[in-house]
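J.: Below you'll find the structure I mean.
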Amino acid sequence: MGKLILTIGLGAFIVYMGIMIAFKERIDLIHDYHHRYVEEENKPLFCRLVGSGMMIAGIGFAGMGLLSNALGKQGYMISLGLLFLGILIAAITIVKFNAIHQVKDYAKKRERKK
């Protein structure tokens, strides 16, 4: 019973953080090196995508407790899939919005060396 409460509580907290990032655009809740290169006009979309990924991951985490009790291994696998999907959405978003600028910075450094 304690594990169930813990997983639901942590999952709810992750969902809450995702809501704050996605809908309140609290980019300060994301570590600064994940959004250092995100341009100002792209920050709302960045927040929406990362926050949505966190919400999906939080639902998956909370579902591990609920669905695994109700459905057994199938419920656990569904929840694990949601957890990984949410993490994947957030990670791809972070890489997509930062990679372009990192390549540009690398190109500038190479030009300076010449």
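J.: Restricting the search to the stretch 52-79, which residues are of a type in the set (Ser, Thr, Tyr) and under 17 Å from residue 15 (Cα atoms)?
T.: 52, 79
J.: Looking at the stretch 85-114, I want the residues that are under 19 Å from residue 55 (Cα atoms) and have a partner that is β-branched (Val, Ile, Thr) and in a helix (DSSP H, G or I) with Cβ atoms under 6 Å, at least 6 apart or on another chain. Which pairs are those?
T.: Here the result reads 85/56; 86/56; 90/50; 93/50, each pair linking the stretch 85-114 to a residue that is β-branched (Val, Ile, Thr) and in a helix (DSSP H, G or I).
J.: Considering only residues that are surrounded by 13 or more Cβ atoms within 10 Å (Cβ to Cβ) and of a type in the set (Gly, Ala, Ser), which ones fall in the stretch 82-114?
T.: The answer is 86, 90, 91.
J.: Any residue that is modelled with pLDDT under 85 and either under 17 Å from the mean Cα position of the chain (by Cα) or among the basic types (Lys, Arg) (or both) - is there at least one of those in the stretch 100-108?
T.: Taking every residue of the stretch 100-108 in turn, at least one turns out to be modelled with pLDDT under 85 and either under 17 Å from the mean Cα position of the chain (by Cα) or among the basic types (Lys, Arg) (or both).
J.: Among what's in the stretch 34-56 and is of a type in the set (A, V, I, L, M, F, W, C) and surrounded by 14 or more Cβ atoms within 10 Å (Cβ to Cβ), pick the residue that is nearest to residue 68 (Cα to Cα).
T.: This residue is 56.
J.: Since residue 45 meets every condition but one in (1) free of Cβ contacts under 8 Å to residues at least 12 places away in the same chain; (2) under 26 Å from residue 80 (Cβ atoms), which condition does it not meet?
T.: Residue 45 satisfies all of (1) free of Cβ contacts under 8 Å to residues at least 12 places away in the same chain; (2) under 26 Å from residue 80 (Cβ atoms) except (2).
J.: Considering every residue within the stretch 61-81, establish whether at least one is of a type outside the set (D, E, K, R), within 18 Å of residue 96 (Cβ to Cβ) and either touching a helix residue (DSSP H, G or I) at 6+ places or on another chain (Cβ under 6 Å) or in contact (Cβ under 8 Å) with a residue 60 or more places away in the chain (or both).
T.: no
Results for (1) in contact with a Ser or Thr (Cβ under 6 Å, 6 or more places away or on another chain); (2) in contact (Cβ under 8 Å) with a residue 40 or more places away in the chain; (3) under 25 Å from residue 64 (Cβ atoms), shown as yes or no for each residue.
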site	(1), (2), (3)
10	no, yes, yes
13	no, yes, yes
20	no, no, yes
32	no, no, no
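J.: So which residues in the stretch 48-60 are of a type outside the set (Gly, Ala, Ser) and free of Cβ contacts under 8 Å to residues at least 40 places away in the same chain?
T.: If the condition is that a residue be of a type outside the set (Gly, Ala, Ser) and free of Cβ contacts under 8 Å to residues at least 40 places away in the same chain, then 48, 56 are the ones that fit.
J.: Moving on. Could you list, in sequence order, all residues of the stretch 1-57 that are more than 30 Å from residue 100 (Cβ to Cβ) and outside any helix (DSSP H, G or I)?
T.: Within the stretch 1-57, just 1 meets the criteria.
The values are calculated or read from the model by the stated rules, or taken from the named source; none is laboratory data. The structure presented is a predicted model; accordingly, all values stated were derived computationally and were not measured. All Cβ positions, glycine included, derive from the backbone under ideal geometry; neighbour counts span all protein chains shown.
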